[in-house]
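Everything on this sheet refers to the single structure shown next.
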Protein chains: 2
Amino acid sequence: MTTPSEPQAASGLSRRGLFGLVGAAGLAVGIGGGVLGTLAATRSGSSSAATYDFFGAHQAGITTPVQDHLHFAAFDMAKDATRADLIELLQDWSYAASRMTQGLDTSATGAVGGSPEAPPDDTGEALGLPASSLTITFGFGPGLFDDRFGLENQRPDGLETLPAFLGDDLDLKKSDGDLCIQACADDPQVAVHAIRNLTRIAFGRAVLRWSQLGFGRTSRTSSEQQTPRNLFGFKDGTANILADDDAALTDHVWSSDGWLADGSFLVARRIAMRIETWDRVRLSEQERIFGRSKGEGAPLSGGDEFTDPDFSGSEIPADSHVRLAHAEQNDGVRILRRGYNYVDGNDELGQLSAGLFFLSYQRDPQHFITLQKSLARDAMNEYIRHTGSGIWAIPPGAKTGSFVGAGLFE
Amino acid sequence: MTTPSEPQAASGLSRRGLFGLVGAAGLAVGIGGGVLGTLAATRSGSSSAATYDFFGAHQAGITTPVQDHLHFAAFDMAKDATRADLIELLQDWSYAASRMTQGLDTSATGAVGGSPEAPPDDTGEALGLPASSLTITFGFGPGLFDDRFGLENQRPDGLETLPAFLGDDLDLKKSDGDLCIQACADDPQVAVHAIRNLTRIAFGRAVLRWSQLGFGRTSRTSSEQQTPRNLFGFKDGTANILADDDAALTDHVWSSDGWLADGSFLVARRIAMRIETWDRVRLSEQERIFGRSKGEGAPLSGGDEFTDPDFSGSEIPADSHVRLAHAEQNDGVRILRRGYNYVDGNDELGQLSAGLFFLSYQRDPQHFITLQKSLARDAMNEYIRHTGSGIWAIPPGAKTGSFVGAGLFE
């Protein structure tokens, strides 16, 4: 990251003190970022210099063309944290995010520009790296709306810990959280740098509860992106909602409800795959389970990848994934998926600890619940376990000069 | 991956049966790969179609320009495995590696080309992805030379479990192994696909013992690569041995000893970093610990990143990393480093489980031991712990039509 001259953000101010300047600084970087942000991002790898605005009507990182790498983190507020602490944290996070998404250090003094006799403001591992399409998306969990922060009356409808589903085997230490941050970038070092520095900025106010790295995006939000493959070897996300489908976004993704208007709900599910078992299933059975061919990704009812599945016949089995997950079978419900593959080493039997870190955005948590209940009959369940879960309200984008979630405190 | 027509590898043969064809098939892909392999690979991200030959005098993945992503795996031979099993495993691994490094499936029948009534040969998640500069490098641990495989008399000098070092806090479940595979690529999905499929091919003969993902290479082997940064935020690998420095490679990297000639020794060390503690150290102290400036990476004795450090004065402290690790201070010993950053979630205190997965190639294990003993006085030790360790003999490259390690069985 470079630290270009920014007269608005004089060095020597404390990180918290700097927040007052976010309006001017944010505006300055917003102009440059806006131009680049309109470029269609392609799967351009870690040399990508594309930038996306942090400020806007919606938060970035939802309809943004899905980047190659994810670092996701969930936080709990510190035990003695106050409403003022929460507001200040969101302000500080917004300031740092508005800078990092433009390829800048977390503050103007950065990793090397401050006093040599003080710890650097920025941890430095992204120095010299481009913005790499970084987006940082913040969310508020159900716990934030208990009696600690005076937000009891502003809990969005439906923001409740998800019900138990068939096949759940949840590790509660890798589930839930008062706050979440989704950092996506084309370079994992940039995404990791963002989560690490935001965790550091939270010190004394919120503490990291769990985090997850992911790679090989398993969906697409732009028609220019190829459909990627999950670790079962199948194309995933063929029928995802795309960024230019305003009608679908309005119908299925963006909330229109009070302070959450132009925001959404995010569901995360850590889905462990029994890949060694899956790899011993014959090809025809794998295809019947998905309801699509493995090579082309075409529905078993015929056509190519983008042909609509025809459920009138029996080519697509009743317990296939594509049938049970399809809007036609779920009262028209659709979600915007944004998942990633993960591999976290291996277990003691020498099997890779691998799977899908599922992320979806939807205007109503009930939409996810409807789909997940439908999937109770999914033939794929023999090969997966849900080991982590969380839900968060995703506030609208911060206005230039303001901070994410400001509407909650007005 | 595409599966172009390959008359040499008729479908319908078993994976093991296919090995007889590796000569012809290897030659065919070798020609195409050789041309592309001579291109200087740049940090081109996951869209990279660069390929490197699997066959050659040296194994690829040592002097190859360091790719962005790593999946490293260590294996133990199955309890009842025989010498014949070991040979067959190395043959099957070589065949699959010679294909995957060219962007092909593990076999000609691949993920979708075989019988629909059989499990696919290839797991499929790299279908359609380019080779992404994939290299696959195999190694033999000390355990392979015990009395199980008739190799007692061929143990390379010095191939012994590393001695205990100050600061070791080794997890033996994440250390050692009869065999290792280093898979490096510009797309993590390609590296993961390689390790997953090689693990699957090993079934019944060897079992995965541990594995590690890494990103953000922490060294360079080409003068065209920029020096990357480790998670302490410092440039790492400025003075690494480069691929075009034949004299240094001969002096420090390539063995000239019997069947290991043109091979090397690989040392792996999983070095956990106390990054939250480090981040609270003042800048001047961080720089004194490294002996270099954080921004430019220049030695504290002056100049720029590539200026030789001057140890005659006191600018570079006696316990600084650059001084203790430098060849001048270690009887001229140099190693070729090829490490990666890692983040494996977080601990229960909300601290990221992050660090450096150190990999080095050297012609003599004693060279690493000399350096590591010198580093016992390193001021950096307050901020790191070595939690994993391993050493492997790295055989020379396989000859076209042969397999890696063949010289060991002649």
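Bear in mind these aren't lab numbers, they're just calculated from the coordinates by the rules spelled out. Owing to the predicted nature of the structure, the values given are computational and were not obtained by experimental measurement. Glycine also receives a Cβ, built like all others from the backbone with ideal geometry; neighbour counts cover every protein chain displayed.
Measure nothing but the geometry: give the 0 to 90° angle between the long axis through the Cα atoms of A:365-374 and the longest principal axis through the Cα atoms of chain A, rounded to 10°.
Once rounded, one gets 30 degrees.
Kindly provide the chymotrypsin sites (Phe, Trp or Tyr not before Pro) of region B:170-245 that DSSP labels as loop, not H, G, I, E or B, and whose Cβ sees at most 16 other Cβ atoms within 10 Å.
In loop regions of region B:170-245 (DSSP not H, G, I, E or B), the sparsely surrounded chymotrypsin sites (Phe, Trp or Tyr not before Pro) are B:PHE203.
Taking a quarter of the surface of the convex hull around the Cα atoms of the protein assembly as shown, what do you get in nm²?
Over all viewing directions, the protein assembly as shown projects a mean Cα-hull area of 32.3 nm².
Name the residue farthest towards the positive end of the dipole of region B:69-397 from the options B:PHE234, B:PHE368, B:LEU90, assuming +1 on Cβ of Lys and Arg, -1 on Cβ of Asp and Glu, about the Cα centre.
Of the options given, the answer is B:PHE234.
Any idea how far the Cα center of region A:163-200 sits from the one of region B:361-392, in Å?
33 Å
Dipole size in debye (nearest 20) for region A:69-397 around its Cα centre, Lys and Arg Cβ +1, Asp and Glu Cβ -1?
Taking the Cα centre of region A:69-397 as origin, the dipole is about 480 debye.
Using alpha carbon coordinates only, what is the Rg to Rh ratio of chain A, with Rh defined as the Kirkwood radius?
0.97
Could you point to the residue in A:THR277, A:GLY258, A:TYR340 farthest towards the positive end of region A:229-362's charge dipole, with +1 and -1 charges on the Cβ of Lys/Arg and Asp/Glu respectively?
So the residue we want is A:THR277.
Kindly give the distances from A:GLU296 to its copy-mates, label point to label point, with each label point 7 Å from Cα along Cα→Cβ, as nm values to one decimal ordered shortest first.
6.1
Can you tell me how region A:259-388 classifies by the Cα gyration tensor, rounded, prolate or oblate, using a/c under 1.5 as the rounded cut?
Oblate is the answer for region A:259-388, as a/c is 1.5 or above yet b/c matches or exceeds a/b.
Determine, for B:ARG269, B:ARG288, A:ARG280, A:ARG323, the number of other Cβ atoms within 10 Å of each Cβ, and report the residues in order from fewest to most.
Ordered by Cβ neighbours within 10 Å, fewest first: A:ARG280, B:ARG288, A:ARG323, B:ARG269.
Please list, in chain and number order, the residues 5+ apart from A:THR218 or on another chain whose amide H is under 5 Å from its amide H, with Hs placed from the backbone.
The list, which skips near neighbours in sequence, is A:GLY339, A:TYR340, A:ASN341.
Please compute the length gained on full extension between A:ALA118 and A:ASP147, using 0.36 nm multiplied by the number of residues separating them and subtracting their Cα-Cα distance.
6.7 nm
Taking other Cβ within 10 Å of each residue's Cβ, how do A:SER48, B:SER374, A:SER115 sort, fewest first?
Ascending number of Cβ neighbours within 10 Å: A:SER115, B:SER374, A:SER48.
Where nothing but the Cβ of Lys and Arg (+1) and of Asp and Glu (-1) is charged, how large is the charge dipole of the protein assembly as shown around its Cα centre, in debye to the nearest 20?
Using only the charged Cβ atoms, the result is roughly 300 debye.
Could you work out how far apart the two model spin labels at B:ALA164 and A:ALA327 are, taking each label as a point 7 Å from the Cα in the direction of the beta carbon, and quote it in nm?
Between B:ALA164 and A:ALA327, the label points sit 6.4 nm apart.
In peptide B:343-354, how many Cβ atoms from other protein chains are near each Cβ within 10 Å, on average?
Per residue, the number of nearby Cβ atoms from other chains is 6 on average.
Quick one: what are the phi-derived ³J(HN,Hα) couplings along region A:343-349, Karplus 6.51/-1.76/1.60 with θ = phi - 60°, whole Hz, x for glycine and proline?
Values, residue by residue: 9, 10, x, 8, 8, 6, 8 Hz.
Relative to the other copies, what are the label-point distances for B:LYS173, with labels 7 Å from Cα along the C-beta vector, expressed in nm at one decimal and sorted shortest first?
1.2
For chain A, take the longest principal axis of its alpha carbons; what is the angle in degrees between that and the long axis of helix A:83-100, to the nearest 10 within 0 to 90?
The angle comes out at about 80 degrees.
Can you work out the Karplus-derived ³J(HN,Hα) for every residue in region B:318-326? Use 6.51 cos²θ - 1.76 cosθ + 1.60 with θ = phi - 60°, whole Hz, and x for glycine or proline.
Using θ = phi - 60°, the values come out as 5, 9, 7, 5, 5, 6, 5, 8, 7 Hz.
Antiparallel versus total DSSP beta bridges in region A:69-397: what percent is that, nearest 5?
100 percent
Which residue fluctuates the most in chain A, going by a Gaussian network model with Cα springs under 10 Å, if the choices are A:TRP254, A:TRP93, A:TRP278?
Highest fluctuation among the options: A:TRP278.
Let me check against my output: what whole-number percent is the relative contact order of chain B, with C-alpha pairs under 8 Å and at least 6 apart?
Computed value for chain B: 23 percent relative contact order.
Can you compute the FRET efficiency between B:ASP80 and A:THR370 using 1/(1 + (r/R0)^6), with r the Cβ-Cβ distance and R0 = 45 Å? Round to the nearest 0.05.
0.30
Report ³J(HN,Hα) in whole Hz for each residue of region B:208-218, in order, from the Karplus equation J = 6.51 cos²θ - 1.76 cosθ + 1.60 where θ = phi - 60°; Gly and Pro get x.
Calculated HN-Hα couplings, in order: 4, 9, 7, 8, 8, 8, x, 9, x, 2, 10 Hz.
Assume the label is 7 Å from Cα along Cα to beta carbon: what separations in nm does B:LYS79 have to the matching positions in the other copies?
Nearest first, the other copies' label points are 4.7 nm away.
Would you list which lysines come within 23 Å of A:LYS79, measuring only between C-alpha atoms, while excluding same-chain residues fewer than 8 positions from it?
A:LYS173, A:LYS174
Rounded, prolate or oblate for region B:97-145? Axes are the square roots of the Cα gyration tensor eigenvalues, ordered a ≥ b ≥ c, and the cut-off for rounded is a/c under 1.5.
It comes out oblate by the Cα gyration axes.
What is the fewest-to-most order of B:LYS373, A:LYS174 by other Cβ atoms lying within 10 Å of their Cβ?
Fewest-to-most ranking of B:LYS373, A:LYS174: B:LYS373, A:LYS174.
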